[in-house]
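The values are calculated or read from the model by the stated rules, or taken from the named source; none is laboratory data. Since the model is a prediction, treat every value here as computed from it, not as a measurement. Glycine gets a Cβ as well: all are built from the backbone with ideal geometry, and neighbour counts include every protein chain shown.
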Amino acid sequence: MQQKELLYEGKAKKLYKTDDENLLIAEFKDDLTAFNALKKGFEEGKGALNAKISAKIFKMLEENGIKTHLVEVLDDRRHLVRNLKIIPIEVVVRNIATGSLTKRLGIKDGTVLPFSLVEFYYKDDDLGDPLINDEHALLLELVEHENELEELKRLGREINVIMKNYFAKRGLKLVDFKLEFGKDSEGKIYLADEISPDSCRFWDMETNEKLDKDRFREGLGGVKVAYEEVLKRISEDIK
Ligand code: TMP
Ligand code: ASP
């Protein structure tokens, strides 16, 4: 597989074309950003950690019947992925209230939600990824049909059940996470982007210690150690 020109550079990844128009190469960067890139940082080795963590989770989800964009892990920080048309909606699923939910609605930080909350955010950096509802998504034509919104919610909930259980066995509370999806030329929906401590919140089951990008957002330090801990826990063979 030949890597060709840079197609797109995001905050945490670069996407390259390949000699196959159906495939792209995603390269995980060491950059860290928060608050719509108002806060910027760099953590040597973070990209490689996220590439490993995300690959493990995507493979686990595939084993559980979720279609993902991952085709092959190429090396330490590069994945070969399907070339999809990304749906410009960030699907956030929450099990415990924290972050923007507590600020927006005044729910006490750490409250276990009575059901898993699925939210849509419009993926637009200039607008700061605003929270939207189904009608906004239709108005902006972010999807072709209402059914696709239902499908995104269904996938968000299904992935949440699988991941919550997977991480609980590894001593981690899955607090919340963000998913992105893309469509192939036939309109089939695949899970895309990444699932890592950049895009999820993990709290230690016993101590509630934060093992995710909140360490960077809140300036707590120990970012890399936390990501390494997540990789360690998911690398253990647990039935
Ligand atoms: P929030 O509480 O800031 O809305 O974040 C909810 C979850 O979504 C959290 O796990 C972090 C993740 N997330 C991203 O991956 N990218 C983003 O741009 C935002 C705002 C959140
Ligand atoms: N807002 C994202 C986050 O805090 C990162 C960013 O947009 O720079 O996860």
Problem - Check on Asp212, surrounded by fewer than 14 Cβ atoms within 10 Å (Cβ to Cβ) and in a loop (DSSP other than H, G, I, E, B) - result: no
Fill in the blank from the handout: Reported set for segment 3-18 where residues are closer than 20 Å to Lys40 by Cα and among the basic types (Lys, Arg) is Lys11, Lys13, Lys14
Problem - So Lys29, is it basic (Lys, Arg) and either at pLDDT below 95 or within 14 Å of ligand 2 (Cβ to nearest atom) (or both) - result: yes
Problem - Selection status of Pro130, within 26 Å of Gly47 (Cβ to Cβ) and within 16 Å of ligand 1 (Cβ to nearest atom) - result: no
Handout entry: Test result for Val118, under 25 Å from Phe28 (Cβ atoms) and crowded, with 17+ Cβ neighbours inside 10 Å
Key = no
Problem - Index of the failed condition, Ile89 passing every other in (1) within 18 Å of the chain's Cα centre (by Cα); (2) of a type in the set (A, V, I, L, M, F, W, C); (3) more than 16 Å from ligand 2 (Cβ to nearest atom); (4) over 17 Å from Lys164 (Cα atoms) - result: (3)
Handout entry: Leu117 out of contact with any Lys or Arg (no Cβ under 9 Å at 6 or more places or on another chain) and without any contact (Cβ under 8 Å) to a residue 40 or more places away in the chain
Key = no
Handout entry: Residue check for Phe202: surrounded by 15 or more Cβ atoms within 10 Å (Cβ to Cβ) and in a helix (DSSP H, G or I)
Key = no
Fill in the blank from the handout: Note: among Asp198, Asp204, Asp134, Asp184, just one is modelled with pLDDT of 95 or more and within 13 Å of ligand 2 (Cβ to nearest atom), namely Asp198
Exercise for the section: Please work out if Gly110 is under 21 Å from the mean Cα position of the chain (by Cα), in a loop (DSSP other than H, G, I, E, B) and modelled with pLDDT of 95 or more. Expected result: yes
